[in-house]
Amino acid sequence: MEQYLIRGGVPLVGETDISGMKNAALPILAASIMTDEWVTLDNLPDVDDVRVLLETLRYLGARVEKTGRHSVKICGSTITTCKVEYEYIKKIRASYYLLGALLGKYKNAAVPLPGGCNIGSRPIDLHLKGLNAIGANVGIRYGTIVGKCDQLTGAHIFMDTVSVGATINIMMAASRADGRTIIENAAKEPHVVDVANFLNSMGAEIRGAGTDVIRIRGVKNFHGCNYTIVPDMIEAGTFMCAAAATKGDVMVRNIIPKHMEAVTAKLYEIGCEIEEFDDAIRVVAPRRLTRTHIKTNPYPGFPTDMQPQMGVVLALASGTSVVTESIFENRFKYTDELTRMGAQIKVEGTTAIIDGVEGLMGAEVSSPDLRAGAALVIAALAAEGTSIVDDISFIERGYEDFEQKLALLGADIHRITQRPDRLRMTKIG
Ligand code: EPZ
């Protein structure tokens, strides 16, 4: 089991370059097979989830040629099957984006149901409802989402809940439907916009992405294109919170500051000094930060994927903060691990009440999921003493060179392999 060994108490200082956005790259990779011509993608993050999805595209028969660490050429003309094997869905939920891509291109798809995950049940009813609204005939048979139809027909769809995944899946399929589709109450995240821009680069006619009404006029075919993935706003926010928690001074480069506004505003509110540039933000935390309230919301609200990282910052701030998680029902699991480091946090349903403490103490902790794992690394960097963060495979699904980037900022962090004889203290009671 791979772990991080971290000696905390060192302020992070310096500059870091942000990679391409995982949550934009995954749907764009799925959509890349919707043309029979070559697609070139740049600024792909070199993370496990991207590697697994590339493997899935190869399994479907697509030609996939890595042209660099962050770039790939893909051609979907040689796809031999529309059936995605469960092993790929088990590895990453986002394989379900192949549903929209395969239905859009082939009007045929069989994709195993993704399970829940550590942050909640994560249903896909909105995906199915929207795809059926455009005639995809999707249903669930023996644990697999199966869809087959002669043609897709544009429809007027109102999303019951704002859903990034459902908005993207429906947008992909509808871009190849006959006629016009309107998606109301659509997700407005930057990665929804990035996917729309990518589809339009292949010849789609999508307008309004980034607003809550997306209008799509279906087209018969897509052509190849070259596309560059947008920077990862959550990776950027993670490093901004790491600077804040360690009383550091970090310039986060290669980002779109507009995407960071909710996070930037909160860090400024609690006492960070923030300097914005065209494609960078500098976060300085010279003194102890102060309390605030956080409520996660769909973009442009405070991102749920930044909730654990901000929870760590507030665990060290003076005063009592309240964090309300309104997107997922089980996204406070990191607080148990933080408590073991001396944090004072009480979780009641979807709300965490955080009494800030002067400092955290190093401990052995486990990553419950991707963003919680990154948050625990931030806590260990801020804590006095040594910590071991376990289950770092979660973290490496979504952060490229995480420990290397932190080490370049002065962090004392090393990747180690857990010694089999090392018995961890089990929680009693
Ligand atoms: C995407 O998940 C991201 N994952 C998540 O990031 C992110 O937290 C989430 O969007 C919200 O921003 C990827 O992009 C791969 P949703 P997604 O559909 O699309 C409910 C990370 O750490 N819902 O916007 O699955 C759902 O239960 C990950 O990178 C339905 O009820 O999220 C949730 O309460 C974690 N029915 C809410 O909508 C559906 O059919 C928002 O979920 C779909 C969703």
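Looking at the square roots a ≥ b ≥ c of the eigenvalues of the Cα gyration tensor of the chain, which shape do they give, rounded for a/c under 1.5, prolate if a/b is larger than b/c, or oblate?
Working: a/c = 1.83, a/b = 1.75, b/c = 1.04.
Prolate, because a/c is 1.5 or more and a/b exceeds b/c.
Check Ala383: other-chain or 5+ apart residues with amide H under 5 Å from its amide H, H built from backbone geometry?
Here the answer is Gly9, since their amide H atoms fall under 5 Å of that of Ala383.
As a test of the formula, what do you get for the chain when each DSSP H run with n ≥ 4 contributes -39,500 (n - 2.57) and the sum is divided by the residue count, at 222 nm and rounded to the nearest 500 deg cm²/dmol? Could you put the intermediate results ahead of the total?
Values: 14 runs with 132 residues, N = 429.
Calculated at 222 nm, the ellipticity per residue is -9000 deg cm²/dmol.
Take every DSSP beta bridge whose two residues both sit in the chain, then give the antiparallel share in percent to the nearest 5.
Working: 56 of 80 bridges.
So the antiparallel bridges in the chain amount to around 70 percent.
Once you have a ≥ b ≥ c as the square roots of the Cα gyration tensor eigenvalues for the range 251-316, tell me rounded if a/c is under 1.5, and otherwise prolate or oblate according to whether a/b is larger than b/c. If you can, show how the numbers build up before the last one.
Working: a/c = 2.04, a/b = 1.11, b/c = 1.83.
Oblate is the answer for the range 251-316, as a/c is 1.5 or above yet b/c matches or exceeds a/b.
Residues with amide H under 5 Å of Thr228's amide H, sequence separation 5 or more or different chain, H placed in the peptide plane at 1.01 Å from N; which?
Hits under the 5 Å cutoff: Asp42.
Antiparallel DSSP bridges in the range 22-228: what percent, to the nearest 5?
Working: 26 of 36 bridges.
Taking every DSSP beta bridge within the range 22-228, about 70 percent pair in antiparallel fashion.
Under a straight-distance cross-link criterion of Cα-Cα below 18 Å, which lysines are reachable from Lys405, leaving out those fewer than 8 residues away in the same chain?
Within the straight-line cut-off, Lys405 pairs with Lys22, Lys247.
Once R0 is set to 45 Å, what does the formula 1/(1 + (r/R0)^6) return for the Cβ-Cβ distance between Val322 and Lys90, expressed as a FRET efficiency to the nearest 0.05?
Working: r = 36 Å, r/R0 = 0.80.
FRET efficiency, Val322 to Lys90: 0.80.
In the full protein assembly as shown, how much of Lys258 is accessible to a 1.4 Å probe, in Å² to the nearest 10?
120
For the range 92-154, run through the chymotrypsin sites (Phe, Trp or Tyr not before Pro) and keep only the ones in DSSP coil with at most 15 other Cβ atoms within 10 Å of their Cβ.
Working: sites: Tyr96, Tyr97, Tyr106, Tyr142; in loops: Tyr142.
For chymotrypsin sites (Phe, Trp or Tyr not before Pro) across the range 92-154 that sit outside H, G, I, E and B with at most 15 neighbouring Cβ atoms in 10 Å, the list reads Tyr142.
Ignoring ligands, DNA and RNA, what percent of the accessible area of the chain is carbon or sulfur (1.4 Å)?
Values: 8450 of 16650 Å².
Carbon-and-sulfur percentage of accessible area, whole number: 51.
Quick one: if the Förster radius is 22 Å, what FRET efficiency do Asp178 and Val213 give, using the C-beta to C-beta distance and rounding to 0.05?
Working: r = 20 Å, r/R0 = 0.93.
With a Förster radius of 22 Å, E is 0.60.
What net charge do the residues around Met310 carry, taking every other residue with its C-beta under 13 Å from that of Met310, with Lys and Arg at +1 and Asp and Glu at -1?
Every neighbour counted, the sum reads +2.
How high is the FRET efficiency from Tyr268 to Thr80, r the C-beta distance, R0 35 Å, rounded to 0.05?
Numbers: r = 53 Å, r/R0 = 1.51.
Here the calculated transfer efficiency is 0.10.
Residues with beta-carbon under 9 Å from that of Val47, excluding Val47: net charge, scoring Lys, Arg +1 and Asp, Glu -1?
Working: positive: Lys22, Arg51, Arg397; negative: Asp46, Asp48, Asp49, Glu396, Glu400.
Result for the neighbourhood of Val47: -2.
Can you list which of the chymotrypsin sites (Phe, Trp or Tyr not before Pro) found in the range 198-287 are DSSP loop residues with at most 12 other C-beta atoms within 10 Å?
In loop regions of the range 198-287 (DSSP not H, G, I, E or B), the sparsely surrounded chymotrypsin sites (Phe, Trp or Tyr not before Pro) are Phe277.
Can you tally the net charge around Lys129? Count Lys and Arg as +1, Asp and Glu as -1, for every other residue whose Cβ sits under 14 Å from the Cβ of Lys129.
Details: positive: none; negative: Asp125, Asp160, Glu184.
Net charge around Lys129: -3.
Extension gain Glu55-Lys129, at 0.36 nm per residue separation less the Cα-Cα distance, in nm?
Value of the extension gain: 23.8 nm.
Averaged per residue, what accessible area in Å² does the chain show with a 1.4 Å probe, protein chains only?
Numbers: 16650 Å² over 429 residues.
Here the residues of the chain average 39 Å² of exposed surface.
For Thr386 and Thr228 in the same chain, what is the full-extension length gain: residue separation times 0.36 nm, less their Cα-Cα distance, in nm?
Taking Thr386 through Thr228 to full extension adds about 52.9 nm, to one decimal.
With angles folded into 0 to 90 degrees, how steeply does helix 370-382 sit against the dominant principal axis of the chain? Use alpha carbons for both and round to 10.
Its long axis makes an angle of about 20 degrees.
I need the GluC sites (Glu not before Pro) found in the range 270-358, filtered to DSSP loop residues with at most 10 other beta carbons within 10 Å of theirs. Please list the in-between numbers first.
Numbers: sites: Glu273, Glu275, Glu276, Glu325, Glu329, Glu337, Glu348, Glu358; in loops: Glu325, Glu329, Glu358.
Here the GluC sites (Glu not before Pro) that fit, given the DSSP loop and packing criteria, are Glu358.
How would the range 22-228 be classified by its alpha-carbon gyration tensor: rounded, prolate or oblate, with rounded meaning a/c under 1.5 and the a/b versus b/c comparison settling the rest? Each step should come with its number before you reach the end.
On the way: a/c = 1.30, a/b = 1.15, b/c = 1.14.
Judged from the Cα gyration tensor, the range 22-228 comes out rounded (a/c under 1.5).
With unit charges on the beta carbons (Lys and Arg positive, Asp and Glu negative) and the dipole taken about the Cα centre of the range 22-228, which residue among Ile89, Phe158, Ile183 sits farthest to the positive side?
Value: Ile89.
Taking the 0 to 90 degree range and rounding to the nearest ten, how far is the long axis of helix 48-60 tilted relative to the main principal axis of the chain, both from C-alpha atoms?
The helix 48-60 is inclined about 20 degrees to the chain.
The values are calculated or read from the model by the stated rules, or taken from the named source; none is laboratory data. The structure displayed is predicted, hence computed values, not measured ones. Glycine also receives a Cβ, built like all others from the backbone with ideal geometry; neighbour counts cover every protein chain displayed. Calculation scope for accessible area: heavy atoms of the full protein, side chains included, ligands and nucleic acids excluded. Shrake-Rupley method; radii C 1.70, N 1.55, O 1.52, S 1.80 Å.
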